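Attaching a single structure in structure tokens format; questions to follow.
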Amino acid sequence: PDWTQDSQNQRMEALAANGFNAFAVYPADASGANGLYEELTAAGANIINFGTSTAQPTTASFAVATDVKAAAMRATEELIAAMGGKGNIINVLEVLEDPNTALRKQGIEEVVAQYPDVTIVQEVAGMTSVETAVQKVGDALSANIDKVDGIIATGYTPSVAIAQVLGEYKAQDGARTIHAVGIDTDAIVMQAIKDGVMDGTIVQNPYGHGYLSLLLLQYLSEGYTPKADAYFVDAGFAYANQENLETYNNDILAVTEQIKAELLDKYLEK
């Protein structure tokens, strides 16, 4: 009902009391979830993080997730290339409390630092809903309309907001060319790419997050154990633009199949 560790604790503890002993979890709190995990693993449960990782050390056996910093860096490189290697960027983050957001912010700033003619002119965060994001993105665009050349979003909600705000700006014959790269594949974002409103989006692998997490839990239940230093399973990502709108999904499914084929050799031992 809410995004708090207390709620997650209550529900997972109730499941464990009913005999569940294998959990794939998106942790509500990167640090706070570890106390819950320690309690459940001490009772014999196996736990796998998906979508993000808890703070380490952790008793979770694996984290199956996007390398979010690498994905944000790729998005930034694509945006800067579309801008011709120079210009001003608005960096639209999601919620700073999310551990992934901090990594994405770091990745963006590291890439921008490599380009002397590129500047982040404003950072916007706190995107708790699409409505909030539309308002904040619209305000940031208006405040920088005489100098902004690109907008980047590394969260789902702000990506949808950018698609809407830029779509309205360009429909009103906005004079300035503004490039944009987002993340995830909401229909609004994909239509914006098709229409030329946005340049592209990072495609995560949510199918792989779910499928590979459960497959790892199955292997653990069969007596396999994690190899030393084989904690993070990079579920991969792809970049979608107008050129591969019809095929990007095949690319990401192929990544899942490749990781699946490697699990027993690379991540587990009997």
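The values are calculated or read from the model by the stated rules, or taken from the named source; none is laboratory data. Computed from a predicted model, the values in this text were never measured in an experiment. Because the Cβ atoms are built from the backbone with ideal geometry, glycine has one as well, and the counts that use them run over all protein chains shown. With ligands, DNA and RNA removed, areas are computed over all heavy atoms of the protein, side chains included. Shrake-Rupley method; radii C 1.70, N 1.55, O 1.52, S 1.80 Å.
Over all directions, average the projected area of the Cα convex hull of the stretch 1-51 and note it in nm².
3.3
OK, next. Which stretch or stretches of the stretch 215-242 have amide N atoms under 16 Å from the point lying 7 Å from Leu264's Cα along the Cα→Cβ direction?
215-227
May I ask for log10 I(q)/I(0) of the stretch 19-81 at q = 0.15, 0.16, 0.27, 0.29 Å⁻¹, from a Debye sum over the Cα atoms as equal point scatterers with solvent left out?
Evaluating at q = 0.15, 0.16, 0.27, 0.29 Å⁻¹ gives log10 I(q)/I(0) of -0.50, -0.55, -1.09, -1.20.
With r as the distance between the Cβ atoms of Ala175 and Val121 and R0 = 25 Å, compute the FRET efficiency 1/(1 + (r/R0)^6) and round to 0.05.
0.90
FRET efficiency for Ala102 and Glu38, Cβ-Cβ distance as r, R0 = 25 Å, nearest 0.05?
The formula returns an efficiency of 0.60 here.
How much accessible surface does Tyr248 have with a 1.4 Å probe, in Å² rounded to 10?
Its heavy atoms expose roughly 40 Å² to the probe.
If each DSSP helix of 4+ residues adds -39,500 (n - 2.57) and the sum is divided by the residues in the chain, what number results at 222 nm, nearest 500 deg cm²/dmol?
-14500 deg cm²/dmol
Leaving ligands, DNA and RNA out of it, work out the accessible area of Tyr169 with a 1.4 Å probe and give it in Å² to the nearest 10.
40
Hey, another quick one. From the Cα gyration tensor of the stretch 90-153, with a ≥ b ≥ c the square roots of its eigenvalues, which class applies: rounded if a/c is under 1.5, or else prolate if a/b is larger than b/c, or else oblate?
oblate
With a 1.4 Å probe and all protein chains in place, put His179, His209 in order of accessible area, largest first.
Listed by decreasing accessible area, they come as His179, His209.
Here is a follow-up. With the calculation restricted to Cα positions, what are the radius of gyration and Dmax of the stretch 1-136 in angstrom?
Cα radius of gyration and Dmax of the stretch 1-136 are 18.6, 59 Å respectively.
Taking the square root of 5 times each eigenvalue of the Cα gyration tensor, what semi-axes in Å does the equivalent ellipsoid of the stretch 102-226 have, largest first?
34, 18, 13
From the P(r) of the stretch 166-214, could you give the percentage of C-alpha pairs in the tail past 11 Å?
Looking at the stretch 166-214, the distances longer than 11 Å represent 70 percent of pairs.
Give me the distance in nm between label points sitting 7 Å out from Cα along the Cα-to-Cβ direction at Gln56 and Thr247, one decimal.
Here the answer is 3.6 nm between the modelled labels.
Can you give the convex hull volume of the alpha carbon atoms of the stretch 172-270 per residue, in Å³?
So the per-residue Cα hull volume is 101 Å³.
Starting from the Cα-Cα distance between Ala81 and Ala254, subtract it from 0.36 nm times their residue separation and give me the gain in nm to one decimal.
59.6 nm
Tell me, in nm to one decimal, what length is gained between Thr4 and Asp139 on full extension, where the rule is 0.36 nm per residue of separation less the Cα-Cα distance?
That pair, Thr4 and Asp139, stretches by 45.7 nm at full extension.
Residues of the chain: accessible area per residue at 1.4 Å, in Å²?
Each residue of the chain exposes 47 Å² on average to a 1.4 Å probe.
How many Å³ per residue does the convex hull of the Cα positions in the chain occupy?
Cα convex hull per residue, to the nearest whole number: 131 Å³.
Something else now. What is the spread of the Cα atoms of the stretch 139-188 along each of their three principal axes, largest first, in whole Å?
Computed over the stretch 139-188, the largest-to-smallest principal extents equal 28, 19, 17 Å.
Provide the packing ranking of 154-163, 34-43, 86-95, 54-63, i.e. peptides ordered by the mean count of other C-beta atoms within 10 Å per residue, highest first.
Highest mean packing first, the order is 154-163, 86-95, 54-63, 34-43.
Rg and Dmax of the stretch 212-270 over Cα atoms: what are they, in angstrom?
14.3, 46
So what does the Cα-only Debye profile of the stretch 58-114 read at q = 0.17 Å⁻¹, as log10 I(q)/I(0), no solvent term?
Here log10 of I(q) over I(0) equals -0.59.
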